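**Student:** Encoded as C-alpha cells, here's the structure I'll be asking about.
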Amino acid sequence: MNAVVFTDVQKTYYANQGDVDALGPISFAIEPGETLAVVGPSGCGKSTLLRIAAGLDDVSAGTITVAGQLVGGPIADVGIVFQRDLLLDWRSVIDNVLLPAELKSMDRNAARRRGIQLLAELGVADFARRYPWELSGGMRQRVAIARALLCKPKMLFLDEPFSALDALTRDQMNVTLQQVQATERVTTLFITHSIMEAVYLSDRVIVMSARPGRILDDIVVPFARPRRLSLREDLAFVEIARRIRVHFERTGVLVG
C-alpha cells in the first residue's frame, strides 16, 4: 500500500480581490520508506502540497489518502519541520524536543531517553540543557528535526527546512538528514527550491511548474545510499540536475 496518494488534487484560495489557483490538478504517490523531493519556483504550491498532505489545509478538488485512509483533517502519524524552527526560546533544547510527548501524555522518562538519543544522532546532545537563543541556525533546525521525530512517526514532512542556512551548514545538514533517515526509516516528503538538494536527498524528484503548480516531471534518482557530497560531481548526478534545470528554462522560470 502506498504511504501517500494524491489523486487529481487542486487547491484554490478564494478572496475578494480574486481567486488564486495555487495547485493542480496533480496526481502522484509516495511509497513507504521513500524520500520524495518536490522542487519548483516560489509560489508554485509546494508548501501548499505539504500542508494538505498533512491535513493542515483542505483541498478544493480531488482526494488525498494516507495509509489507505482519506485525509479529512490533521493526521497524527507525521512529524513536520517548517522553514522556521518554531522553537520556544523559554524552554531548554530537551524540553523543546519533549513538547510532543507532553501533548500526547507519553511517559516522560521514555520520551526523554528517546529525545537524548535523537539529539545525539543529530550531533547536538551536548546542548540539551541550552536554550534555542544560544544555538546557531543549523543547530536549531537539528533540534526541530529531533522534535518532529520524537514520537516515532512513520512519515516526516520537511518544508524548506534549510533555506535560511549558509551554504556550508546546509551541506552538512543534508548529510545529517540522510544519516537520520537511514536510522529512523521514515517516509519523507521534502520541499525545496534547490535542485542539487532535491537530487542529493531523494529517491524521486517531482518537478513543479509555476502557479498553479502542476507536475512537469517525475524522476527516479538511482544512487545508492549512503551518499557522499562528492556525488554531486558525478556525471549521472549532473545530468539529472540538468534535466530539472531545463524544465525551468523552457517554462521561463530560469532565464539566461
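Please treat every number below as a calculation from the coordinates, not as lab data. Only a predicted model underlies this, so the values are computations on that prediction, with no experimental measurement involved. Glycine also receives a Cβ, built like all others from the backbone with ideal geometry; neighbour counts cover every protein chain displayed.
**Student:** Report, in degrees rounded to the nearest 10, the 0 to 90 angle that the Cα long axis of helix 137-149 makes with the longest principal axis of the chain.
**Tutor:** Between the helix axis and the principal axis of the chain, the angle is about 90 degrees.
**Student:** Right, here's the next one. What residue among Lys11, Lys152, Lys104 shows peak mean-square fluctuation when the chain is described by a Gaussian network model with Cα springs under 10 Å?
**Tutor:** Lys104
**Student:** Which of the lysines could a cross-linker bridge to Lys104, judged by Cα under 17 Å and excluding same-chain residues fewer than eight apart?
**Tutor:** Straight-line reach from Lys104, under 17 Å: Lys152, Lys154.
**Student:** With θ set to phi - 60° and the Karplus curve 6.51 cos²θ - 1.76 cosθ + 1.60, what are the ³J(HN,Hα) couplings of region 90-102 in order, to the nearest whole Hz, using x for Gly and Pro?
**Tutor:** 8, 10, 5, 4, 5, 6, 5, 5, 7, 4, x, 5, 5
**Student:** Distance in nm between label sites at Arg243 and Gln179, each 7 Å beyond Cα in the beta-carbon direction?
**Tutor:** For Arg243 paired with Gln179, the spin-label model returns 3.0 nm.
**Student:** Would you mind pulling out the separation of the Cα centroids of region 190-256 and region 71-148, in Å?
**Tutor:** Measuring centre to centre over Cα atoms gives 29 Å.
**Student:** Run the numbers for Ser230 and Trp90: contour at 0.36 nm per residue of separation, minus the present Cα-Cα distance, in nm.
**Tutor:** 46.4 nm
**Student:** Residue separation times 0.36 nm, minus the C-alpha to C-alpha distance between Ala76 and Ala61: what's the value?
**Tutor:** Extending this stretch completely gives an extra 3.1 nm.
**Student:** With axes computed from alpha carbons, what is the tilt in degrees of helix 167-184 against the longest principal axis of the chain, rounded to the nearest 10 within 0 to 90?
**Tutor:** Here the helix axis deviates by roughly 80 degrees.
**Student:** Let me ask something else. Of the labelled options [x] 14.9; [y] 15.9; [z] 16.6, which one gives mean projected area of the Cα convex hull in nm² as computed for this structure?
**Tutor:** [x]
**Student:** Please list, in chain and number order, the residues 5+ apart from Leu156 or on another chain whose amide H is under 5 Å from its amide H, with Hs placed from the backbone.
**Tutor:** Correct list: Gly79, Thr187, Thr188, Leu189.
**Student:** A further question on this structure: Given an 8 Å cut-off on Cα distances and at least 6 residues of separation, report the relative contact order of the chain as a percent.
**Tutor:** Details: 480 pairs, mean separation 63.8, N = 256.
Result for the chain is 25 percent.
**Student:** What list of ³J(HN,Hα) values in whole Hz, one per residue of region 33-49 in order, does the Karplus curve 6.51 cos²θ - 1.76 cosθ + 1.60 (θ = phi - 60°) give from phi, with Gly and Pro shown as x?
**Tutor:** Per residue, the Karplus-derived 3J(HN,Hα) values read x, 7, 10, 10, 9, 10, 10, x, x, 4, x, 8, x, 4, 5, 4, 4 Hz.
**Student:** Convert each backbone phi in region 5-19 into a coupling constant with the Karplus relation 6.51 cos²θ - 1.76 cosθ + 1.60 (shift: θ = phi - 60°), then list the ³J(HN,Hα) values in order as whole Hz, x for Gly and Pro.
**Tutor:** 10, 9, 10, 6, 7, 10, 9, 10, 9, 9, 8, 4, 6, x, 6
**Student:** Pull up the DSSP beta bridges for the chain and report the antiparallel fraction as a percent, rounded to 5.
**Tutor:** Details: 19 of 38 bridges.
In the chain, approximately 50 percent of DSSP beta bridges are antiparallel ones.
**Student:** Before anything else, pin down the relative contact order of region 86-153: Cα pairs under 8 Å, at least 6 apart, normalised by residue count, whole percent.
**Tutor:** With pairs under 8 Å counted, the relative contact order is 47 percent.
**Student:** Pick from Glu31, Glu184, Glu233: which residue has the top mean-square fluctuation in a GNM of the chain where Cα pairs under 10 Å get a spring?
**Tutor:** Answer for the Gaussian network model of the chain: Glu233.
**Student:** Take every DSSP beta bridge with both residues inside region 135-256 and express the antiparallel ones as a percent of the total, to the nearest 5.
**Tutor:** That works out to approximately 50 percent antiparallel.
**Student:** Right, next: Among Tyr14, Tyr131, Tyr200, which one moves the most in a GNM of the chain with springs linking Cα atoms closer than 10 Å?
**Tutor:** Result: Tyr14 has the largest fluctuation of those listed.
**Student:** Roughly what angle does helix 235-250 make with the longest principal axis of the chain, taking Cα atoms, 0 to 90 degrees, to the nearest 10?
**Tutor:** Taking the Cα atoms of the chain, the angle to 235-250 is about 60 degrees.
**Student:** On to the next question. Would you list, by chain and number, the lysines whose Cα falls below 18 Å from the Cα of Lys46, excluding same-chain residues fewer than 8 positions away?
**Tutor:** Here the lysines satisfying the reach criterion relative to Lys46 are Lys11.
**Student:** Once amide H atoms are placed 1.01 Å from N in the peptide plane, what residues at a sequence separation of 5 or more from Gly213, or on another chain, have their amide H within under 5 Å of its amide H?
**Tutor:** Long-range HN contacts for Gly213: Leu23, Gly24.
**Student:** If a/c stays under 1.5 just call it rounded; otherwise compare a/b with b/c (prolate if a/b is bigger, oblate if not). Do that for region 89-192, with a ≥ b ≥ c from the square roots of the Cα gyration tensor eigenvalues.
**Tutor:** Note, shape of region 89-192 comes out oblate.
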